[in-house]
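Here the structure comes first, spelled out in structure tokens, and everything after it is commentary.
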Amino acid sequence: HVAERVTWSEAAAPVAKDGGAASRREGARREGAAPRPGPTSQLPYDEATPPPPQEPPPQQQQMQVLQQQPPQQNQQALQESVALNNTLIEERGAAIQAISGEVEALGELFVEVAHLVDAQSAPLDQFGDDVAKAHAATVAANRELERAANQKGCAIA
């Protein structure tokens with residue numbers, strides 16, 4: 001019994017009106033055929049075919065470059081790297097100080113708004129009381145007008 005082997009080009013070749021889907025399924029079912037790799041599958045690697053090399057992180061790359069350079073260039077590159085890092089640290093420190101100052105100013109604005117709201121609460125409370133008193137007086141006046149209108153001989157009605 002000899003196993004039938006199918007190449008990827010044979011399994012993927014369009015044969016029918018369905019775009020070859022039935023043919024590809026048929027080819028994948030054949031004995032000995034490897035599954036078709038999908039977007040999430042990974043191809044296996046053996047000893048003869050090692051996986052593709054992965055690039056080291058940027059810091060490790062920088063260290064590799066420094067190690068490959070002659071000592072004088074290595075020290076100069078290291079000094080430049082230290083100077084660049086110090087510059088970045090100073091810039092970030094200045095940015096943090098600026099943000100801190102802005103946050104403090106914003107905090108002061110919130111405190112001022114809280115004082116304004118507190119200062120306006122007493123007049124608003126007084127205004128609410130005055131409106132309630134005016135409403136009560138208006139209701140009482142309407143009752144008196146209705147009583148007067150109901151009395152005989154009233155000239156108001």
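Coordinate-derived values only; no laboratory data. Please read all numbers here as calculations on a predicted model, not as lab measurements. When we count neighbours, we look across all protein chains shown, and the Cβ atoms used for this are built from the backbone with ideal geometry, even at glycine.
What list of ³J(HN,Hα) couplings, whole Hz, do you get for segment 135-150 from phi and the Karplus terms 6.51, -1.76, 1.60, once you set θ to phi - 60° and write x for glycine and proline?
Using θ = phi - 60°, the values come out as 5, 4, 5, 5, 4, 5, 5, 5, 4, 5, 5, 5, 5, 5, 5, 7 Hz.
With θ set to phi - 60° and the Karplus curve 6.51 cos²θ - 1.76 cosθ + 1.60, what are the ³J(HN,Hα) couplings of segment 111-128 in order, to the nearest whole Hz, using x for Gly and Pro?
The phi angles translate into 5, 4, 5, 4, 5, 4, 4, 5, 5, 8, 5, 5, x, 5, 5, 4, 4, x Hz.
With a cap of 13 neighbouring Cβ atoms within 10 Å, and only residues DSSP puts in a loop, list the trypsin sites (Lys or Arg not before Pro) found in segment 93-155. Present the calculation step by step, with values, prior to reporting the outcome.
On the way: sites: 133, 143, 147, 152; in loops: 152.
Passing both the DSSP loop test and the Cβ count: 152.
Taking the simple approach of a point 7 Å from Cα along Cα-to-Cβ for both residue 120 and residue 64, what is their distance in nm?
So the label points at residue 120 and residue 64 sit 6.4 nm apart.
Nearest 0.05, what FRET efficiency do residue 138 and residue 105 give at R0 = 41 Å with Cβ-Cβ as r?
Plugging the Cβ-Cβ distance into 1/(1 + (r/R0)^6) gives 0.25.
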